[in-house]
Amino acid sequence: MVNHDAGSSVTGVGGNERLTSITGAVLFVLLGLIGITVLQVRPLLPEHLLLGFVLIPPLGLKMFSTGYRFIRYYTGDAVYRRAGPPRLMLRLIAPVVVISTVALFATGLELWAFGLRFGPVWVAAHKLSFVIWLPFILVHAFSYFNKSADAVAGELSGKAPGGAFARRSLVVGSLVAGIVLALASLTYASPFVYFGGG
């Protein structure tokens, strides 16, 4: 009975790590696409906003999977403790990544909803969040790039470990939710779209 529980826990650690890696790979692509719109944000502002909405559910899934491992590790789960934490540098930058990501999307949503109704300070806050976020997310993304690529290759090869269907369902579900959210956002005439396209 003890061995069975330990084996299940090991599978849980591996499954959590693989889910995080696959979601990270999806985010890598989506963030690359939204990065293209940043280069010419005024003419591409509608696309920028749509991609922002698509990103929200996968980002939520990524934060959930990493947060779950964080909680299990720091609450003393033996198997998660044996699996170990990320490298020290990645642990140190993780709070900045999380806080700047939340700030970036929160200020973006405020601008989408209200435009400049509450002044240009929100534009400045959005830009500042981006400036802080960019270098840290690049370090984070490229530190995990090989692991994410290996995880995706493993899933596509059909040789993925147990729980593959659940992992794929979560990732695909987050993407579908993001697309639905983006389409739903089109029902609202954002004042900031008109400001950006003017």
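What is the helix-to-structure angle for 88-114, meaning the angle in degrees between its Cα long axis and the longest Cα principal axis of the chain, kept from 0 to 90 and rounded to the nearest 10?
40
Can you give the net charge of the other residues whose Cβ lies under 11 Å from the Cβ of V13, counting K and R as +1 and D and E as -1?
Charge balance near V13 sits at +3.
Relative contact order for the chain using alpha-carbon pairs under 8 Å, separation at least 6, rounded to a whole percent?
Relative contact order for the chain comes out at 39 percent.
Among (i) 58, 37, 26; (ii) 65, 33, 26; (iii) 62, 37, 33, find the value of Cα extents along the principal axes in Å that was calculated from the structure presented, and write down its label.
Answer by label: (ii).
Give me the extension gain from V123 to D77: residue separation times 0.36 nm, minus the current Cα-Cα distance, reported in nm with one decimal.
12.3 nm
Might you tell me the accessible area per residue for the chain, computed with a 1.4 Å probe and given in Å²?
Accessible surface, normalised per residue, equals 58 Å².
From the residues A177, V54, F28, which one has its Cα farthest along the dipole of the chain in the positive direction, the dipole being from +1 and -1 charges on Cβ of Lys/Arg and Asp/Glu about the Cα centre?
It is F28, whose Cα lies furthest towards the positive end.
Magnitude of the Cβ-charge dipole of the chain, K/R +1 and D/E -1, about the Cα centre, nearest 20 debye?
300
With every protein chain left in place and a probe of 1.4 Å, what is the accessible surface of K127, to the nearest 10 Å²?
130
Note down the net charge around E110, summing +1 for each Lys or Arg and -1 for each Asp or Glu among other residues with Cβ under 15 Å from its Cβ.
Result for the neighbourhood of E110: +2.
At a threshold of 8 angstrom on Cα-Cα distance, excluding pairs fewer than six apart, so keeping six or more, what relative contact order does the range 43-145 reach in percent?
24
How would Y73, Y144 rank on accessible area, largest to smallest, probe 1.4 Å?
Ranking Y73, Y144 by accessible area, largest first, yields Y144, Y73.
What's the carbon and sulfur percent of the range 102-182's accessible surface, probe 1.4 angstrom, rounded to a whole number?
It is 79 percent, rounded to a whole number.
Calculate the FRET efficiency for A166 and L90 from the Cβ-Cβ distance with a Förster distance of 35 Å, rounded to the nearest 0.05.
Computed FRET efficiency for A166 and L90 comes out at 0.85.
Tell me, what is the 1.4 Å probe accessible area of I99, in Å² to the nearest 10?
The accessible area comes out at roughly 120 Å².
The values are calculated or read from the model by the stated rules, or taken from the named source; none is laboratory data. For clarity, every value in this text was computed on a predicted model and none was experimentally measured. Positions of Cβ are backbone-derived with ideal geometry, glycine not excepted, and every protein chain shown enters the neighbour counts. Quick note on the areas: whole protein, heavy atoms, side chains included, nothing else; ligands and nucleic acids left out. Shrake-Rupley method; radii C 1.70, N 1.55, O 1.52, S 1.80 Å.
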